[in-house]
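The values are calculated or read from the model by the stated rules, or taken from the named source; none is laboratory data. No experiment lies behind these values; they were computed from the predicted model shown. We place every Cβ from the backbone using ideal geometry, glycine too, and count neighbours over all the protein chains shown.
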């Protein structure tokens, strides 16, 4: 079920109402049933895949906890991880690996006998698989007790607001909340609704509107000149931010309405001054997952290598992170590019610190922010392109002339929609700067201002929203 | 209770604001004088009387100059052609004209597409264009059969803006920011194409273009839609001419008959006249055309003269 659908408009109030009407002991079953329904709106049969990993990890968790020796714990953890990664490998990476094998064998003059799988990627697979893995890893580390209640554990993996596109939660944050009784809380309810509203604004008014422009530019790259292609790349950065952070806001908000707290997934990443800061603010739940379970363990294990460990750790982590996003070389390059720049930032930390002292703060910060934005927009060319050929065409087109003037090209894209996009981005920036994206503190200070914000935002959604039920970009991962 | 109060305090002003925005947008659209809105505003709200109304898609809008028709026939005509329009859209326009306090027209000309029998997939070309007029009975009666948006917009006007797309919102601003929004040369609904250079490569170098005989494809839906249009004319005692206009050819083929066997049944049933210009000498004069099916302003004037004479014959 899409958040931006009529189904959700009925589903959400109904589930929330029932949640508060039911006694606490039945609430987990309500939420689990609702989560199953939510997921089965996409492709019902794929729920079996989730159940498969739930059963494996549920028992793995219990046995890891009971295991007498660290060695036994490690073996059980490996079994659990293989099961989870195996599911990912089959459904997400099998055809990708097979096509690469295909290419390799054809270079050597052989044909590939291995058939391709004709399956659709289950929606949100990477998200709930990573969430399930964090559970068994945390138990093996002794940070979390195994959950004995099967239904509660299943709900931890399947909780509908974050099931298909995160935030990728940790068991320490979520499991205890399902055991605790949530009473109706007016402040939380209003704050949750407001966050949802903000998420819908970013998705329907900005992301989906930008997608019309960006899709047109990617479809007809040859018709546009360099400046317009660059504009398209920059707009995609805003699109993906509004699309994904919009989803996260709706997810966090809808959980908050029921008194449940999900982790913050975005913290205004586009104001970052370097890529290290950007990744601390962007898709926080994934960045911290990779940091906790891949990067830090690697660097700690190889600490004798000194800086080399950090360099290799960053490179590996971000290459894997790229591959996490999608099974394709474009995603690997996207991740690797980020890794390379992060390595540069790590190695040039001292130099940049000295430089910042010599240049006036405003100029240094603004140019750093601009450079970062340009890099992020460039790296998203690989993220957005369906294949390497498209990505290379887009990059080449950045210096492509056109027989039409810039104004004619802008008119073709629609001056009015572009104007609206510009104004809405400014509005978003203003609101997120003034009130923080979660907007929790403003209602305590100025309730009337907060209400005006809600009225204006809702009016903007009604008047300028695009209601074509466009899917969220991160659903494909 | 507190939550309900909060929700109402947000939602009610939002509805009011959205409704105000809708009024603003609609008032802009109703000030429009060109394109769809100009045509609709003229035929539905204007008290000008017209004896001859011309309907169809771009080959009506670009090919027929009502001023020429008026000067030849001595009657008053108006070109209701709209880009991409089919039988259902045109029927809505015609019914809107008939519902308004005008005297009825004596003649209606429908300019037929060469492939009129081919299924369209959607009967209303661009439904949101009709949303500002959802309260118009003619629009609602026919339009709501094909598009649920029209129902929604009529009964829940404040949500209409969410159904309006950027094109409509932008169009609504034009009369406010640009007072002289009547496009140059756009008069009585006619939109001439200037210039005699044929701009399509396929067309520029063409040496052997012939008007195709009928495609034999006659979708039952399209037949029904045409019948519905004919019925409106018959019921109102309006003479209907179905016109196959000039189209470019390098060789006149006198055996061409674009009027499809299916069309003859309808013609007989409703006493409709067919005028086909497949054999007109005009078709071979390249300088009359903009592309294969669209005449330039010079060609449109010549064609309008021919048509005016045939209208007079048909009307008599």
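Of all positions in the stretch B:99-117, none carries a residue that is surrounded by fewer than 24 Cβ atoms within 10 Å (Cβ to Cβ), touching a helix residue (DSSP H, G or I) at 6+ places or on another chain (Cβ under 6 Å), assigned to a helix (DSSP H, G or I) and touching a residue at least 60 places away in the same chain (Cβ under 8 Å).
Among helices (runs of 4 or more DSSP H) entirely within the stretch A:155-236, having at least 1 residues that are under 30 Å from residue A:404 (Cα atoms) and in contact with a helix residue (DSSP H, G or I) (Cβ under 8 Å, 6 or more places away or on another chain) singles out A:208-219.
Checked against (1) within 9 Å of chain A (Cβ to nearest Cβ); (2) in contact with a strand residue (DSSP E or B) (Cβ under 7 Å, 6 or more places away or on another chain), residue B:56 meets all criteria but (1). Residue count for the stretch B:24-40, restricted to those that are modelled with pLDDT of 85 or more, assigned to a helix (DSSP H, G or I) and more than 12 Å from chain A (Cβ to nearest Cβ): 9.
Of the residues making up the stretch B:118-134, those that are surrounded by 24 or more Cβ atoms within 10 Å (Cβ to Cβ) and over 14 Å from the mean Cα position of the chain (by Cα) are B:131, B:132, B:133. Residues that are within 14 Å of chain A (Cβ to nearest Cβ) number at least 2 in the following helices (runs of 4 or more DSSP H) confined to the stretch B:125-172: B:148-155, B:160-163.
Hey, does the stretch A:45-67 have a residue that's loosely packed, with under 13 Cβ neighbours inside 10 Å, over 28 Å from the mean Cα position of the chain (by Cα) and at pLDDT below 90? Yes, there is a match, as at least one residue in the stretch A:45-67 is loosely packed, with under 13 Cβ neighbours inside 10 Å, over 28 Å from the mean Cα position of the chain (by Cα) and at pLDDT below 90. Within the stretch B:177-189, one or more residues are within 14 Å of chain A (Cβ to nearest Cβ), more than 24 Å from residue B:294 (Cα to Cα) and modelled with pLDDT of 60 or more. Do we find a residue being within 14 Å of another protein chain (Cβ to nearest Cβ), modelled with pLDDT under 90 and more than 26 Å from residue B:164 (Cα to Cα) anywhere in the stretch A:166-184? Looking through the stretch A:166-184, at least one residue is within 14 Å of another protein chain (Cβ to nearest Cβ), modelled with pLDDT under 90 and more than 26 Å from residue B:164 (Cα to Cα). Output the number of residues of the stretch B:246-281 satisfying the condition of being closer than 12 Å to residue B:116 by Cβ, modelled with pLDDT of 85 or more and in a loop (DSSP other than H, G, I, E, B). Final tally of qualifying residues: 0. Candidates are the residues of the stretch A:433-465 that are more than 8 Å from chain B (Cβ to nearest Cβ) and part of a loop (DSSP other than H, G, I, E, B); the one that is modelled with the highest pLDDT is A:446. Checked against the criterion of being away from chain A (no Cβ under 14 Å) and farther than 21 Å from residue B:304 by Cβ, the stretch B:73-86 has at least one qualifying residue.
Could you list, in sequence order, all residues of the stretch A:276-302 that are outside any helix (DSSP H, G or I) and either more than 18 Å from residue A:334 (Cα to Cα) or free of Cβ contacts under 8 Å to residues at least 60 places away in the same chain (or both)? Within the stretch A:276-302, A:282, A:302 qualify. Quick one: count up the residues across the stretch A:123-154 that are over 24 Å from the mean Cα position of the chain (by Cα) and over 12 Å from residue A:175 (Cα atoms). Residues meeting the conditions: 5. Only residues that are within 14 Å of residue A:221 (Cβ to Cβ) and under 19 Å from the mean Cα position of the chain (by Cα) were counted across the stretch A:370-415, and they come to 4. Among the residues of the stretch B:10-21, is any away from every other protein chain (no Cβ under 14 Å) and surrounded by fewer than 17 Cβ atoms within 10 Å (Cβ to Cβ)? Within the stretch B:10-21, not a single residue is away from every other protein chain (no Cβ under 14 Å) and surrounded by fewer than 17 Cβ atoms within 10 Å (Cβ to Cβ).
Within the bounds of the stretch A:387-394, is there any residue that is in a helix (DSSP H, G or I), surrounded by fewer than 19 Cβ atoms within 10 Å (Cβ to Cβ), at pLDDT below 85 and more than 14 Å from chain B (Cβ to nearest Cβ)? No: the stretch A:387-394 contains no residue that is in a helix (DSSP H, G or I), surrounded by fewer than 19 Cβ atoms within 10 Å (Cβ to Cβ), at pLDDT below 85 and more than 14 Å from chain B (Cβ to nearest Cβ). On inspection, residue B:43 qualifies as part of a helix (DSSP H, G or I), more than 13 Å from chain A (Cβ to nearest Cβ) and in contact with a helix residue (DSSP H, G or I) (Cβ under 6 Å, 6 or more places away or on another chain). Scanning the stretch B:215-244 for residues that are in a loop (DSSP other than H, G, I, E, B) and under 11 Å from residue B:107 (Cα atoms) turns up B:236, B:237, B:238.
Out of the stretch A:192-207, which residues are over 11 Å from residue A:457 (Cβ atoms), buried (at least 22 other Cβ atoms within 10 Å of the Cβ) and within 12 Å of chain B (Cβ to nearest Cβ)? Selection gives A:192 alone. Of the residues screened, residue B:211 is one that is away from chain A (no Cβ under 12 Å) and either at pLDDT 80 or above or farther than 19 Å from residue B:125 by Cα (or both).
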